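So that we are looking at the same thing, I have put the structure below in structure tokens.
The values are calculated or read from the model by the stated rules, or taken from the named source; none is laboratory data. Values in this document were obtained by computation on a predicted structure and should not be read as measured data. Cβ placement follows ideal geometry from the backbone for every residue including glycine, while neighbour counts extend to all protein chains displayed.
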Amino acid sequence: MPKEGGRYDLPIALGILQASGQLPEGALDGYECLGELSLSGELRPVSGLLPAVIAASETHNRILVPQASLQETSLCSKAIVFGASSLLAATGHLNQSKPLPESEGNITLQCVQPLVRDNLSSVQGHYQARRALEIAATGGHGLLFSGPPGTGKTMLARCLPGILPSLSESDALEVASIHSLCNQQVPGWRTPPWRSPHHTASSTALTGGGSHPRPGEISLAHHGVLFLDELPEFDRRTLEILRQPMESGEIMISRARHQVKFPARFQLLAAMNPCPCGFLGDKEKNCQCTPEQVQRYRRKLSGPLLDRIDLRVEVGRLPPAALLKQPDTPPESSETVRQRVHETREFMLARQNCLNTQLSSDDVMSNARLGEREKKLLETLATRMQLSGRSLHRLMRVARTIADMEKEERVSVKHLTEAVSYRQV
């Protein structure tokens with residue numbers, strides 16, 4: 001297998017020292033060592049240490065790494081990690097002449113870059129869009145905002161990270177491991193990642209790849225949000241690649257000699273204008289696009305891709321009076337909504353141990369517990385709206401989330417009618 005980087009410099013050097021008798025026999029038993037060795041004997045950090053440390057902790061091995069990597073590797077609370085600044089310090093520890101202190105596990109990382117987190121308290125109006133945001137955050141559903149420019153689609157989207165609950169320790173370790181492979185620092189420990197690539201991003205940048213495959217944006221958004229602003233401006237072939245990971249939660253990158261599988265269970269959040277000029281259907285401004293331009297613009301989004309987005313909401317223009325008027329009751333803050341989302345997710349996870357968006361077709365039907373009235377309504381909706389099997393099950397998942405938000409055990413007619421109202425765009 002091809003070697004990449006200098007991660008095996010330290011183990012090779014220690015192996016030579018033991019083979020030449022400069023380290024006592026058995027000194028390396030139970031140890032896994034990783035690190036790059038400079039010409040001065042200093043140990044330098046390498047990428048991808050955290051996944052190796054997690055694997056070593058599962059086999060109850062001790063880990064010897066460069067001292068500069070201690071903060072990253074100590075995120076795994078079960079690992080026994082020692083940090084050495086040089087080859088001399090590493091040999092002193094192994095021959096027990098100068099033992100190194102054991103690193104304390106589970107160091108809480110501070111945010112190394114500002115997180116994108118707008119507050120819902122600054123959003124005036126847009127009640128349906130706010131409701132859709134809460135439903136998406138609760139069930140992990142994909143969400144698409146559509147409307148004229150300047151109506152607040154991006155601002156609403158940037159409020160989603162502020163209402164998402166914190167990650168569990170195991171999920172946070174997965175996120176940190178992916179960032180470690182890319183030699184990036186974790187944006188915030190136990191904070192759901194937020195990735196917002198520009199619409200000029202290539203398919204490789206979005207999905208990952210290269211001669212030595214590395215995770216792309218969809219993997220860096222694992223257990224978090226992938227926000228695609230100006231969705232139709234992305235290359236159509238790039239968007240089509242998202243279809244399979246949205247279903248399976250992983251991406252398989254194949255090369256001539258090997259295959260690599262990266263996790264990619266992300267929540268898709270997107271925003272778009274209804275036409276190239278952006279004013280199709282706007283009550284204030286007239287659209288200047290020809291029907292052919294509108295058709296070409298919308299053709300960039302295929303039916304199968306839109307079929308995989310559970311919630312589609314139109315964000316209309318608010319009158320200036322509504323924007324400037326001081327409301328009698330201030331809008332709910334992100335902290336208030338986040339608490340509700342957290343409580344509903346706990347209720348949901350206690351029942352099925354996963355979010356509603358991850359339910360299989362059989363599980364979503366059994367958990368819905370539909371009555372005869374609900375079944376008849378669902379059949380009517382499927383016939384009139386020409387819903388595919390996938391659309392029908394996604395509609396059921398959204399209705400199940402709405403019922404969970406009201407702490408209802410069964411999905412009723414009102415839950416189904418609200419869920420179908422989010423598929424009209």
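Sort out which residues of region 90-114 are in a loop (DSSP other than H, G, I, E, B), modelled with pLDDT of 90 or more, among the polar types (S, T, N, Q) and touching a helix residue (DSSP H, G or I) at 6+ places or on another chain (Cβ under 9 Å), and write them in order of number.
Scanning region 90-114 gives a single hit, Ser97.
Here's something else I'd like to know. Can you tell me how many residues in region 305-341 are more than 14 Å from Arg130 (Cα to Cα) and under 27 Å from the mean Cα position of the chain (by Cα)?
7
Which residue is farthest from His223 (Cα to Cα), if the candidates are limited to region 192-207 and must be surrounded by fewer than 20 Cβ atoms within 10 Å (Cβ to Cβ) and out of contact with any Pro (no Cβ under 8 Å at 6 or more places or on another chain)?
Thr200
Further question: Within region 338-357, how many residues turn out to be in contact with a Gly (Cβ under 8 Å, 6 or more places away or on another chain) and over 23 Å from Glu247 (Cα atoms)?
1
Identify, from the list Gly303, Gly316, Gly278, the residue that is assigned by TED's automatic domain parsing to the domain that holds Pro192, small (Gly, Ala, Ser) and free of Cβ contacts under 8 Å to residues at least 24 places away in the same chain.
Gly303
Tell me which residues, restricted to region 202-253, are hydrophobic (A, V, I, L, M, F, W, C) and in contact (Cβ under 8 Å) with a residue 60 or more places away in the chain.
Once the filter is applied, which keeps residues that are hydrophobic (A, V, I, L, M, F, W, C) and in contact (Cβ under 8 Å) with a residue 60 or more places away in the chain, region 202-253 yields Val225, Phe227, Leu231, Phe234, Leu239, Leu242, Met246.
What helices (runs of 4 or more DSSP H) completely inside region 140-257 contain at least 3 residues that are over 15 Å from the mean Cα position of the chain (by Cα) and modelled with pLDDT of 90 or more?
Ranges flagged: 153-157, 203-207, 236-240.
Hey, another quick one. Just give me the residues in region 342-373 being surrounded by 15 or more Cβ atoms within 10 Å (Cβ to Cβ), within 23 Å of the chain's Cα centre (by Cα) and either not charged (D, E, K, R) or not in a helix (DSSP H, G or I) (or both), in sequence order.
Of everything in region 342-373, those that are surrounded by 15 or more Cβ atoms within 10 Å (Cβ to Cβ), within 23 Å of the chain's Cα centre (by Cα) and either not charged (D, E, K, R) or not in a helix (DSSP H, G or I) (or both) turn out to be His342, Thr344, Met348, Gln352, Leu355, Asn356, Thr357, Gln358, Leu359, Val364.
Moving on. Condition check: outside the structural domain of His179 (by TED's automatic domain parsing) and at pLDDT below 95. Does Glu25 satisfy that?
Yes.
A quick yes/no check of all residues on (1) in contact with a helix residue (DSSP H, G or I) (Cβ under 7 Å, 6 or more places away or on another chain); (2) of a type in the set (Ser, Thr, Tyr); (3) closer than 12 Å to Leu10 by Cα:
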site: Ser38; (1), (2), (3): no, yes, yes
site: Pro45; (1), (2), (3): yes, no, yes
site: Ala56; (1), (2), (3): no, no, no
site: Thr59; (1), (2), (3): no, yes, no
site: Arg62; (1), (2), (3): no, no, no
site: Ile80; (1), (2), (3): no, no, no
site: Leu87; (1), (2), (3): yes, no, yes
